[in-house]
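Trainee: I'd like to ask you about the structure that follows.
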Amino acid sequence: MRIDIISVVPDLLASPFSHSILKRAADKGIAEVHVHNLRDYSTSKQKQTDDYAYGGGAGMVMMIEPIANCIHHLKSQRTYDEIIYTTPDGKPFNQKTANHLSLKGNLMILCGHYKGIDERIRELFITMEISIGDYVLSGGELAAAVISDAIIRLIPGVLSDETSALTDSFQDDLLSPPVYTRPFEYQGLEVPSVLLSGHEKEIEKWREAQAIERTKLRRPDIYEKFEK
Ligand code: 6GU
């Protein structure tokens, strides 16, 4: 997979992809992320990328030209499965969307900023608009990093234990059960004895019951779907 991210603050996106699982995915050649500085695609002298909003009001709007230039440039080099725009008014991102996108070959993500982007960019180029939650971020970069992380870790070969993405919270509409490591006892709290029993079937049953209990308690909205 290849993900191209377009941003006015590309430095914000350097770190998330140079560590741990995402770095390993890149080193193995499974998923490459390329960040593009929108300013490089501005043709104005001051490398302008935003302008005043028609109709007035506070906040600048990202201009069509630099974005269109950048998207045209990238599209001339390969075909994109989706051109995603990160925005608080997008479709709420979830595990189902992550699963769907993890099967794609080339993705482009345009990071929103300021008061937004000229509506015509959305009409002409964007195929998918994503929000990562009901709150407002100062820019779409962190959202793009979140989305990319959620997608890339699902690609076969990225996680060392191939099965571990399948047991994630949400993957079967349940939250994950609690986990423990050494020491056996800490401040009087002991590890549940079933986990030391060696009975694989019993352990599996316990984990399932804990997952159900936890989901019921913490996320009744998700539990409702699981019950059906
Ligand atoms: Cl995708 N972008 C911004 N700027 N804010 C958000 C968001 C995205 N998702 C939730 N809040």
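Trainee: Subtract the Cα-Cα distance of residue 197 and residue 227 from 0.36 nm times their separation in residues, and report this length gain in nm to one decimal.
Mentor: On the way: separation 30, 0.36 × 30 = 10.80 nm, distance 2.95 nm.
Extra length available between residue 197 and residue 227 comes to 7.9 nm.
Trainee: What residues from region 152-193 fall in the zone where the backbone N is under 18 Å from a label point 7 Å along the Cα-to-C-beta line of residue 209?
Mentor: It comes to 175-180, 190-193, nothing else.
Trainee: In the structure shown, do any of 45/91; 75/115; 104/205; 96/205 have a Cα-Cα gap over 30 Å, and if so which? Could the numbers behind the result be given before it?
Mentor: Details: 45/91 36 Å; 75/115 26 Å; 104/205 35 Å; 96/205 25 Å.
Violating the 30 Å limit, Cα to Cα: 45/91; 104/205.
Trainee: Under a 5 Å amide H to amide H cut-off, with H placed in plane at 1.01 Å, what residues pair with residue 4 once short-range neighbours are removed?
Mentor: Placed amide hydrogens put 34, 107, 108, 109 under 5 Å from residue 4.
Trainee: How far is the Cα center of region 1-17 from the Cα center of region 158-228, in Å?
Mentor: 34
Trainee: On the accessible surface of region 43-87, probed at 1.4 Å, how many percent belong to carbon and sulfur atoms?
Mentor: 51
Trainee: What would the Debye equation give as log₁₀ I(q)/I(0) for region 169-227 at q = 0.12 Å⁻¹, counting only Cα atoms as equal point scatterers?
Mentor: Cα-only, vacuum Debye calculation for region 169-227: -0.35.
Trainee: With a Förster radius of 35 Å, plug the Cβ-Cβ distance of residue 32 and residue 182 into 1/(1 + (r/R0)^6) and report the FRET value to the nearest 0.05. Walk me through the numbers on the way to the answer.
Mentor: Details: r = 38 Å, r/R0 = 1.08.
So the FRET efficiency works out to roughly 0.40.
Trainee: What accessible area per residue, rounded to a whole number of Å², is obtained for region 2-152 using a probe radius of 1.4 Å? Let's see the in-between values first.
Mentor: On the way: 7890 Å² over 151 residues.
Per-residue accessible area for region 2-152 comes out at 52 Å².
Trainee: Quick one: if you stick a label point 7 Å off each Cα along the C-beta vector at residue 14 and residue 164, how many nm between them?
Mentor: 2.8
Trainee: Turning to a different aspect of this structure: Report the gain in length on full extension from residue 171 to residue 75: 0.36 nm times residue separation, minus Cα-Cα distance, nm rounded to one decimal. Can you show the working numbers first?
Mentor: Details: separation 96, 0.36 × 96 = 34.56 nm, distance 3.26 nm.
Gain in length upon complete extension: 31.3 nm.
Trainee: A follow-up question, please. Just the Kirkwood number for the chain, please: inverse of mean 1/r across all distinct Cα pairs, in Å, one decimal.
Mentor: Values: mean 1/r = 0.0496 Å⁻¹.
Result for the chain, one decimal place: 20.1 Å.
Trainee: While we're looking at this one, here's another question. Specify which residue in the list 109, 68, 137 is farthest towards the positive end of the charge dipole of the chain, using unit charges on the beta carbon of Lys, Arg (+1) and Asp, Glu (-1), about the Cα centre.
Mentor: Checked the options; the winner is 68.
The values are calculated or read from the model by the stated rules, or taken from the named source; none is laboratory data. Given the structure is predicted, the values throughout are model-derived calculations rather than measurements. We place every Cβ from the backbone using ideal geometry, glycine too, and count neighbours over all the protein chains shown. The accessibility values were calculated without ligands, DNA or RNA, using every heavy atom of the protein model including side chains. Shrake-Rupley method; radii C 1.70, N 1.55, O 1.52, S 1.80 Å.
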